[in-house]
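Everything below concerns the one structure shown next.
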Amino acid sequence: MADLCSAMHVASPSLYAAFGSKERLYEEAIARYEKVCGPAIWATFDSAPTAREAFEIYLRRSAKNLPGSKHPAGCMVTLSAAGSEGCAPLGELVAERRGSVLSLLKQRLARGIAEGELPKSINREAIARFYQGVQQGMSIQARDGAKAKDLDRMASAALAAWEPLTKA
């Protein structure tokens, strides 16, 4: 907050007043983050010809973008602790955003099943949670200083699990 107020040459009460509250400011910051940073990871996810390629895009683009050169490293949504800091509505907001990622991954697996790429017997929930967990771990690693090459190696290790996870 201090950095933001300094950059904008305003006091924190003025900044909060502009948005109505601290909470509303945070909501707007999350929306802006998703609008600006989301496409770097998700832009070609839906257009990938296979589910495996979509998941590879998700992980490789995360590996490239999470170390952050133009923004702080990691993912604002993944790393948010808003709910545990005494603001339940913001905790619900970030949990909903994390849930939407899980939904996107499960939907892409469902599409893979519908297109005959994947067997109907796979556990979409477990697979989606596994790959989301890998990406969330990459975010934490990036915040702690991991470089893109380190995160890309994590992506490679996780992608090596694709075949065993998606066999009938």
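The values are calculated or read from the model by the stated rules, or taken from the named source; none is laboratory data. Just so it is clear, the structure is predicted and the values come from calculations on it, not from any experiment. Here the Cβ positions follow ideal geometry from the backbone for every residue, glycine too, while neighbour counts run over all protein chains shown. The accessibility values were calculated without ligands, DNA or RNA, using every heavy atom of the protein model including side chains. Shrake-Rupley method; radii C 1.70, N 1.55, O 1.52, S 1.80 Å.
Conditions tested, residue by residue: (1) within 28 Å of I113 (Cβ to Cβ); (2) out of contact with any Lys or Arg (no Cβ under 9 Å at 6 or more places or on another chain).
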{"position": "S12", "(1), (2)": "no, no"}
{"position": "A51", "(1), (2)": "yes, no"}
{"position": "N65", "(1), (2)": "no, yes"}
{"position": "A81", "(1), (2)": "no, yes"}
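Out of S121, S69, I need the residue that is at pLDDT below 90, assigned to a loop (DSSP other than H, G, I, E, B) and of a type in the set (S, T, Y). Which one?
Of S121, S69, the one residue that is at pLDDT below 90, assigned to a loop (DSSP other than H, G, I, E, B) and of a type in the set (S, T, Y) is S69.
What number of residues within region 127-140 are in contact (Cβ under 8 Å) with a residue 40 or more places away in the chain and either open to solvent by 40 Å² or more (accessible area, probe 1.4 Å) or on the phi > 0 side of the Ramachandran plot (or both)? Don't jump to the end; show me each part of the working.
Step one: list which residues in region 127-140 are in contact (Cβ under 8 Å) with a residue 40 or more places away in the chain, which gives 131, 134-136, 138-140.
Cutting the leftovers down to either open to solvent by 40 Å² or more (accessible area, probe 1.4 Å) or on the phi > 0 side of the Ramachandran plot (or both) gives us 136, 140.
Selection size over region 127-140: 2.
List every residue pair whose Cβ atoms sit under 7 Å apart, with the two residues 6 or more apart in sequence or on different chains, where the first one lies in region 146-168 and is farther than 13 Å from G133 by Cα and the second, anywhere, is open to solvent by 70 Å² or more (accessible area, probe 1.4 Å) and assigned to a loop (DSSP other than H, G, I, E, B).
Partner pairs satisfying both residue conditions: A168/S121.
Kindly indicate whether R111 is open to solvent by 70 Å² or more (accessible area, probe 1.4 Å) and in contact with a Lys or Arg (Cβ under 7 Å, 6 or more places away or on another chain). So that I can check it myself, show each step before the final result.
Working: open to solvent by 70 Å² or more (accessible area, probe 1.4 Å): yes; in contact with a Lys or Arg (Cβ under 7 Å, 6 or more places away or on another chain): no.
Criteria not met by R111.
Does R143 fit the bill of being in contact (Cβ under 8 Å) with a residue 60 or more places away in the chain and basic (K, R)?
Numbers: in contact (Cβ under 8 Å) with a residue 60 or more places away in the chain: yes; basic (K, R): yes.
In short, yes.
Quick test for you: out of R32, R60, R52, pick the one residue that is of a type in the set (D, E, K, R) and either at pLDDT below 75 or surrounded by fewer than 14 Cβ atoms within 10 Å (Cβ to Cβ) (or both). Walk me through it before giving the result.
Values: R60 fails: either at pLDDT below 75 or surrounded by fewer than 14 Cβ atoms within 10 Å (Cβ to Cβ) (or both); R52 fails: either at pLDDT below 75 or surrounded by fewer than 14 Cβ atoms within 10 Å (Cβ to Cβ) (or both).
That would be R32, the only listed residue that is of a type in the set (D, E, K, R) and either at pLDDT below 75 or surrounded by fewer than 14 Cβ atoms within 10 Å (Cβ to Cβ) (or both).
What are the residue pairs meeting all of these: first residue in region 28-53, first residue under 28 Å from I122 (Cβ atoms), second residue among the hydrophobic types (A, V, I, L, M, F, W, C) and open to solvent by 70 Å² or more (accessible area, probe 1.4 Å), Cβ atoms under 8 Å, and 6 or more apart or on different chains?
none
For region 45-61, which positions are outside any loop (DSSP other than H, G, I, E, B) and in contact with an Asp or Glu (Cβ under 7 Å, 6 or more places away or on another chain)? Please lay out each step first, then the result.
Going residue by residue through region 45-61, those that are outside any loop (DSSP other than H, G, I, E, B) are 51-61.
If the condition is that a residue be outside any loop (DSSP other than H, G, I, E, B) and in contact with an Asp or Glu (Cβ under 7 Å, 6 or more places away or on another chain), then A51, R60 are the ones that fit.
Suppose the filter is free of Cβ contacts under 8 Å to residues at least 24 places away in the same chain and not in a helix (DSSP H, G or I); does G116 pass it? Give the derivation first.
Numbers: free of Cβ contacts under 8 Å to residues at least 24 places away in the same chain: yes; not in a helix (DSSP H, G or I): yes.
Yes.
Take R124 and decide whether it is open to solvent by less than 70 Å² (accessible area, probe 1.4 Å) and touching a residue at least 12 places away in the same chain (Cβ under 8 Å). First the steps, then the outcome.
Numbers: open to solvent by less than 70 Å² (accessible area, probe 1.4 Å): no; touching a residue at least 12 places away in the same chain (Cβ under 8 Å): yes.
So R124 does not fit the description; no.
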